[in-house]
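A short worksheet on the structure shown next.
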Amino acid sequence: MTPTPASYSERRPRAWVAPMFVSLLLLCLIGLCLYLIHTTGKTNAKQHADIRQMENDIAALEEEKQQLEKLLALPPCEARDQMTPSPTPAVSSTVPSPAPAAPTRNPIKDDAVTLLERACVFIVNQDAAGNISTGTGFFVAPDIIVTNAHVVARKNRGILVTSKALGRPVLCDVIARDEARGRDYALLKANLPATSSIVPPAFALQVRKTDKVGSWGFPHIIGQNDPAYKRLLSGSDISAVPELTYSEGVISAVLDRTPPLLVHTAPISPGNSGGPLVNEQGQIVGINTMITLDEDSYRQASIAIDAQDLRQFLSAHGIHVSGGSR
């Protein structure tokens, strides 16, 4: 049977299927070959790099082996010196710390301490029977010392004063007393050499409750442990000078009486009598005179006579002291 044109046209698309399939297959094969070639090339490159690294490692080991062989051929000490690396000075990246600042100096306080250490004296009073009493005093003029009257109350054979500034015991005479109307003052005239230069401390113009104060003196409770104190009082070393003691506190109360009394917390004890009570500037605010003790609570109060009354006593005897400012 002869095929019709229609039948011929139906078989025509089938004639193109095989060539297209073959072409696609060839393209896939070509792509696969290219991928394999690329992958193989990368693998070969990595293998080449690994081989080069191994060759470098072998060369380094060979060089190290040669160096060791050279060291083994040397004497031990020389080999040790060559094996020890030269120290490389460390370079600090940190900034050097600044030197610590010197303590801040308070010229007012430092000068006041020096002045008071020179102005205060240790007083030794001996009666005819040989009994000794001690106390403290301080210069209010170049050769005049003030203290409590009860410190020099004994009928004495002589009164000695000493300090590190004086350098030796000095004989004194009592030239004035006042124990009336609650006062307790005495003036001593010291037989000082003409070259002596003692500067009396200034007096404060006023004092108030809560002001900080300090007591200077020679309390027996401290002196009994001071070798110089013992040597002096025993007579074994008349040139010995006890250590001047300082204690701090505040004004607890100003008692409005005649004369005014200052109650304060700076510890004092027998031996402090006649010593100065000073403010933070080293100015005299009172003269330490007594202590009171509450037997029930065992609390102690330190008592000083106000410096303004002491100033009036000194003025009445021709001694005019300088007054500081608040």
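A short reminder: the numbers here are calculations on the coordinates, not readings from a lab. Keep in mind that this is a model prediction, so the values were computed, not measured. Ideal geometry is used to build each Cβ from the backbone, glycine not excepted, and the neighbour counts take in all protein chains shown.
Provide a single number: the residues in the stretch 110-130 that are of a type in the set (D, E, K, R) and over 32 Å from the mean Cα position of the chain (by Cα). Before the answer, list the steps.
Residues of the stretch 110-130 that are of a type in the set (D, E, K, R), as a first pass: 110-111, 117-118, 127.
In the following step, the residues that additionally are over 32 Å from the mean Cα position of the chain (by Cα) were identified as 127.
Going through the stretch 110-130 one residue at a time, the tally reaches 1.
Any idea how many residues of the stretch 270-320 are more than 22 Å from ASP211 (Cα to Cα) and not hydroxyl-bearing (Ser, Thr, Tyr)?
The initial filter retains those residues of the stretch 270-320 that are more than 22 Å from ASP211 (Cα to Cα), namely 270-271, 293-298, 312-320.
Of the ones still in play, those that are also not hydroxyl-bearing (Ser, Thr, Tyr) are 270-271, 293-296, 312-314, 316-320.
Result for the stretch 270-320: 14.
Looking only at the stretch 157-174, which residues are surrounded by 18 or more Cβ atoms within 10 Å (Cβ to Cβ) and either part of a strand (DSSP E or B) or among the basic types (Lys, Arg) (or both)?
ILE159, LEU160, VAL161, THR162, VAL170, CYS172 - these are the residues of the stretch 157-174 that are surrounded by 18 or more Cβ atoms within 10 Å (Cβ to Cβ) and either part of a strand (DSSP E or B) or among the basic types (Lys, Arg) (or both).
Within the stretch 186-235, count every residue that is under 24 Å from ALA153 (Cβ atoms) and either within 30 Å of the chain's Cα centre (by Cα) or among the β-branched types (Val, Ile, Thr) (or both).
8
What number of residues within the stretch 223-251 are without any contact (Cβ under 8 Å) to a residue 24 or more places away in the chain, out of contact with any Gly (no Cβ under 7 Å at 6 or more places or on another chain) and part of a helix (DSSP H, G or I)?
Counting residues in the stretch 223-251 that are without any contact (Cβ under 8 Å) to a residue 24 or more places away in the chain, out of contact with any Gly (no Cβ under 7 Å at 6 or more places or on another chain) and part of a helix (DSSP H, G or I) gives 5.
Being of a type in the set (A, V, I, L, M) and touching a helix residue (DSSP H, G or I) at 6+ places or on another chain (Cβ under 8 Å) is the filter; apply it to the stretch 234-254 and report the residue that is surrounded by the most Cβ atoms within 10 Å (Cβ to Cβ). Break it down into steps so the answer makes sense when it comes.
Step one: of the stretch 234-254, the residues of a type in the set (A, V, I, L, M) are 238, 240-241, 244, 250-251, 253-254.
Next cut, touching a helix residue (DSSP H, G or I) at 6+ places or on another chain (Cβ under 8 Å) only: 238, 240-241, 244.
Numbers: ILE238: 13, ALA240: 17, VAL241: 22, LEU244: 20.
Out of the qualifying residues, it is VAL241.
What about GLY282, is it at negative phi and surrounded by 23 or more Cβ atoms within 10 Å (Cβ to Cβ)?
Working: at negative phi: no; surrounded by 23 or more Cβ atoms within 10 Å (Cβ to Cβ): yes.
Considered against the rule, which asks whether it is at negative phi and surrounded by 23 or more Cβ atoms within 10 Å (Cβ to Cβ), GLY282 comes out as no.
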